[in-house]
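Asks: Quick one: the structure is below, and I'll ask about it shortly.
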Amino acid sequence: MRLLLPLIFGILGTAILVGLGVWQMQRLDWKEAILADIDARITAAPVALPAQPDPQADRYLPVTVTGQLQDPAIRVLVSQKQVGAGYRIIRPLDVDGRRIMVDLGFLPIQSPTPAAGPEQVTVQGNLHWPDEVDSYTPEPDAKADMWFARDLPRMADHLGTEPVLVVARATSLPDSPLSPLPVDTSGIPNDHLGYAVTWFGLAIVWVVMTGFFLWRIRKPAKG
């Protein structure tokens, strides 16, 4: 009888932990399906820029825009693996009388910001509304001409554009030092497998500890 309560407690705890692990595996399948859908949207055939892009319906929409790059440029501090620190270069682009923003890509920190130039530029990329600003994001450094995150409403106000950003996958800029940093799913967290492993690991520990506790109860006392 004295074994019954610990045994029930052990079985119940194991069932709960295994259930949590199974739930996280189900969440993993759900998240992978979402990421696959986003990847498919990102790499679909580009279309013309919508008249009124919607931050939800048109997120990641592939577009092609052609227009005249304008001043000023915004430099957003960013770091690239195996490359180091640099800037995202964001400029206004005049597209048939509309003034939007284009993220032209990565510029090494030691390189001067390329001029806008007089030629028409074609940018193929994706509409994006990045969520990079929080309470810890520093204010832009006006003296150093440096921003620390892509804040679309604030950048649009600074540049005098629509709050619309096209992140380049490719551009027609000749001999440009800029390397596109295209939109992808790498920045979208997917930690469900790690959570599942944790819950299953705890379930194993729970079983071992329950077995040890039951063994100690059954073990006859010495003397």
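Asks: With the structure loaded, tell me whether I217 is aliphatic (A, V, I, L, M), surrounded by fewer than 18 Cβ atoms within 10 Å (Cβ to Cβ), assigned to a helix (DSSP H, G or I) and in contact with a Leu (Cβ under 8 Å, 6 or more places away or on another chain) or whether it fails that test.
Replies: Taking the combined requirement at face value, the residue satisfies it.
Asks: So, restricting to strands (runs of 3 or more DSSP E) that lie completely within region 1-118, which ones have at least 1 residues that are modelled with pLDDT under 90?
Replies: The qualifying strands (runs of 3 or more DSSP E) are 74-80, 84-95.
Asks: Might you let me know whether region 155-169 holds any residue that is in a loop (DSSP other than H, G, I, E, B) and of a type in the set (D, E, K, R)?
Replies: Yes - at least one qualifying residue is present in region 155-169.
Asks: Residue check, D141 against (1) closer than 30 Å to Q52 by Cβ; (2) surrounded by fewer than 20 Cβ atoms within 10 Å (Cβ to Cβ); (3) of a type in the set (D, E), all met but one. Which one?
Replies: Every condition holds for D141 apart from (1).
Asks: Next up: Six or more apart or on different chains, Cβ under 6 Å: which pairs go from a residue in region 187-216 that's closer than 14 Å to A15 by Cα and of a type in the set (V, I, T) to one that's surrounded by 12 or more Cβ atoms within 10 Å (Cβ to Cβ) and at pLDDT 90 or above? Could you list them?
Replies: V207/T14
Asks: Sort through P182, P189, P130 and tell me the only one that's exposed (fewer than 12 other Cβ atoms within 10 Å of the Cβ) and assigned to a loop (DSSP other than H, G, I, E, B).
Replies: Only one candidate passes the filter, namely P189.
Asks: Evaluate the following for P72: is it in contact with a helix residue (DSSP H, G or I) (Cβ under 6 Å, 6 or more places away or on another chain) and assigned by TED's automatic domain parsing to the domain that holds Q124?
Replies: Spelling it out, it is not the case that P72 is in contact with a helix residue (DSSP H, G or I) (Cβ under 6 Å, 6 or more places away or on another chain) and assigned by TED's automatic domain parsing to the domain that holds Q124.
The values are calculated or read from the model by the stated rules, or taken from the named source; none is laboratory data. Quick caveat: nothing in here was measured; it's all calculated off a predicted structure. Please note: Cβ atoms are built from the backbone with ideal geometry, for glycine as well, and neighbour counts cover all protein chains shown.
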